[in-house]
Amino acid sequence: MDTHLQAKVSRLYYLEGLTLKQIASRLRTSAATVSRVLAQARSGGVVEIRVHDDRKDMSDLELALEQKYG
């Protein structure tokens, strides 16, 4: 897959806030294709998503409780 296309679609989606349908219309393709391009961009390292959570300790506790009790 073309990394230039992945970067372009990722910019439109993540930075400009366009919907899959809006991007598909702009690029004359389907929303499903846009979704696949975004997934490939994430798995291929074009896009990295980071979550900054100051409550990390709480997340660890929450995960442990979920694992123990379902």
Once amide H atoms are built 1.01 Å from N in the peptide plane, which residues 5 or more positions from SER30, or in another chain, come under 5 Å H to H?
none
Could you check the simple spin-label distance between GLN22 and LYS8, using points 7 Å along Cα→Cβ, in nm with one decimal?
1.8 nm
Of every hundred units of 1.4 Å-probe accessible area on the chain, the number belonging to carbon and sulfur atoms, as a percent, is 51 percent
Give me the number: length gained by fully extending LEU63 to THR33, i.e. 0.36 nm times residue separation minus the C-alpha to C-alpha distance, one decimal in nm.
7.4 nm
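Summing -39500 (n - 2.57) over the DSSP H runs of n ≥ 4 in the chain and dividing by its residue number, what mean residue ellipticity at 222 nm do you reach, to the nearest 500 deg cm²/dmol? Please list the in-between numbers first.
Values: 4 runs with 43 residues, N = 70.
Taking each H run of at least 4 residues, the total per residue is -18500 deg cm²/dmol.
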Expressed per residue, the solvent accessible area of the chain in Å² (1.4 Å probe) is about 82 Å²
Which one is right for this structure if volume of the Cα convex hull per residue in Å³ is calculated from it: (1) 80; (2) 116; (3) 125?
(3)
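The values are calculated or read from the model by the stated rules, or taken from the named source; none is laboratory data. Keep in mind that what you see is a predicted model, and the values were worked out from it rather than measured. FYI the Cβ positions are ideal-geometry reconstructions off the backbone, even for glycines, and counts take in every protein chain you see. Please note that ligands, DNA and RNA were not included when accessible areas were found on the heavy atoms of the full protein model with its side chains. Shrake-Rupley method; radii C 1.70, N 1.55, O 1.52, S 1.80 Å.
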